[in-house]
Amino acid sequence: ANGKSTTATWTNLHRPIYERATRHPFILAIREGTVDIAAFKRWLGQDYIFVRDFVPFLASVLLKACKQSDEPSDMEVILGGLASLSDELSWFKSEASKWDVHLYTTAPQKANLEYCRFLQSLASPEVSYIVAVTAFWAIETVYQESFALCLESGSETPAELIDTCRRWGNAGFGQYCQSIQRIADRCLEKAPSDEVKKAEEVFLSVLSYEINFWNMSCGES
Ligand code: HMH
């Protein structure tokens, strides 16, 4: 009604929590070159576990797109994202060996377990495509915005962390996030108000899980 997309309206409406997720002290420390390397290694080991659990979640979004979407290109965007996770898991393994992080003996911490449990709940067939694709958009966008910040001119990101920041902060990943955002907005535009409400709640939940995930990496939980 105000000419703004639903997702853009939400990010404005919930600006404080959105910024706590996308400009977290952990990210700001990377950007300022003051990050604690032990915290970075903790994040790396935990995020590998998260991405492994993100695979079945994204597969569930793909399945919902095939069954519930009226737009054939949705499936292609989601399939592209799913396919790139294969390369991402390989990247985690090589990055982990570089930093001497032992992925197979890393136990998931509480905030990670809670986030992964949330992903599992969203993978249920009872959760609509609209709600699931909104979560997908929010999850990817938090990483995109966060790591893009570490690549901006004037940032003092340590050279050995640039590759990590580029993985999610690069322009191509930004375009991918925009494609997901367009899908979410198109679906939300046509959705009944109770589904829109549920999607907004899931958006806020994702932000809070992301904040807890960063906090865990900093060693605060
Ligand atoms: C915790 N959120 C977390 N990890 C990720 N790798 C992403 C989002 C982006 O895929």
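Between 122, 151, 58, the Gaussian network model of the chain with springs among Cα atoms under 10 angstrom shows the greatest mean-square fluctuation at 151.
Its Cα gyration tensor gives the range 1-98 an equivalent ellipsoid, and the semi-axes of that ellipsoid, as √(5λ) in whole Å with the largest first, are 29, 24, 10. The apolar share of the surface of the chain, taken as the fraction of accessible area on carbon and sulfur atoms (1.4 Å probe, ligands and nucleic acids excluded), comes to 53 percent. Only Cα pairs under 8 Å and 6+ residues apart enter the sum, and on that basis the relative contact order of the range 14-216 stands at 35 percent. GNM on the chain, alpha-carbon springs under 10 angstrom: the most fluctuating residue among 159, 123, 135 is 159.
For the range 81-135, the alpha-carbon coordinates run over 40, 27, 14 Å along the three principal axes, in decreasing order.
Think of it as helices only: each DSSP H run of n ≥ 4 in the chain is worth -39500 (n - 2.57), and spread over all residues that comes to -26000 deg cm²/dmol at 222 nm.
Take the range 155-221 with all the other protein chains still there, run a 1.4 Å probe, and you get 46 Å² of accessible area per residue. Both radii were evaluated on the Cα set of the range 14-216; the Rg over Rh quotient, with Rh as the Kirkwood radius, amounts to 0.96.
Accessible surface for the range 80-119, divided over its residues, is 54 Å² per residue with a 1.4 Å probe.
Straight-line cross-link partners of residue 98 among the lysines, defined as a Cα under 20 Å from its Cα and at least 8 positions apart when in the same chain: 41.
Span-like helix criteria (full DSSP H runs; alpha carbon extent of at least 27 Å along the helix axis; mean Kyte-Doolittle hydropathy of at least 0.5) are satisfied in the chain by 37-68, 129-149. Between 66, 187, 150, the GNM of the chain built on Cα springs shorter than 10 angstrom shows 66 fluctuating the most. Translational diffusion coefficient of the range 161-221 at 37 °C, 0.692 mPa s, Stokes-Einstein with Kirkwood Rh over Cα pairs, in µm²/s as a whole number. Estimated diffusion coefficient is 236 µm²/s.
The values are calculated or read from the model by the stated rules, or taken from the named source; none is laboratory data. All values reported here derive from a predicted model rather than from experimental measurement. Each accessible area value is taken on the protein alone, full model and side chains, heavy atoms only, with ligands, DNA and RNA left out. Shrake-Rupley method; radii C 1.70, N 1.55, O 1.52, S 1.80 Å.
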